[in-house]
Amino acid sequence: MVGFAHEIPPGKWKTFEVKGRSIGVFNVEGRFHALLNRCPHQAAPLCEGTLAGTTLPSKPGEYVIGHRGKILSCPWHGWEFDVTTGQSVFDPFKCRVRSYDVTVETWDTDDDSAWPSVETYPVTVETGRLFVHM
């Protein structure tokens, strides 16, 4: 467990240390995604960058912004990555950031050692614990 779902509202993110790695966990429209906090270009702390959108193909003189709230720009050189996939904007098939699955798990106890061993029932997402799977 790295934290609680309510600690990261939509459009925000938080960095955690997981198994010796710095991992950024992002809430994009209520869905959680995790990326390694290391830009593949020159190892910058990627999650210290800006989360916004990116320009899309358009006519000369027009600026169309898309993928709002899904594109993370590296703080050092501006390389852009989709936080939902880890793929780079400029070369999505060859350049990417390591991404991890995140689950939100809920149960009706505050005792972290009381992992459910039988059938469980979701309570609320607000009390959900965030898990990054590595």
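Between residue 90 and residue 68, what is 0.36 nm times their sequence separation minus the Cα-Cα distance? Round to one decimal in nm.
Numbers: separation 22, 0.36 × 22 = 7.92 nm, distance 1.63 nm.
Roughly 6.3 nm would be gained on extension.
Quick one: with all protein chains in place, what share of the accessible area of the stretch 28-103 is carbon or sulfur, to the nearest percent (1.4 Å probe)?
Of the solvent-accessible surface of the stretch 28-103, carbon and sulfur hold 49 percent.
Under 5 Å between amide H atoms, partner at least 5 residues away or on a different chain: which partners does residue 105 have, H built in plane at 1.01 Å?
Hits under the 5 Å cutoff: 129, 131.
I need the calculated FRET efficiency for the pair residue 105 and residue 17, taking r as the beta carbon distance and R₀ as 30 Å, to the nearest 0.05.
For R0 = 30 Å, the calculated efficiency reads 0.90.
Using only the alpha carbons of the stretch 1-88, determine the length spanned along each of the three principal axes and report them from longest to shortest in whole angstroms.
47, 30, 17
Between residue 42 and residue 4, what is 0.36 nm times their sequence separation minus the Cα-Cα distance? Round to one decimal in nm. Can you show the working numbers first?
On the way: separation 38, 0.36 × 38 = 13.68 nm, distance 3.11 nm.
Gain on stretching residue 42 to residue 4: 10.6 nm.
The values are calculated or read from the model by the stated rules, or taken from the named source; none is laboratory data. Keep in mind that this is a model prediction, so the values were computed, not measured. Note: ideal-geometry Cβ built from the backbone for every residue, glycine included; neighbour counts use all protein chains shown. Note: accessible area is taken over every heavy atom of the protein model, side chains too, but ligands, DNA and RNA are not part of it. Shrake-Rupley method; radii C 1.70, N 1.55, O 1.52, S 1.80 Å.
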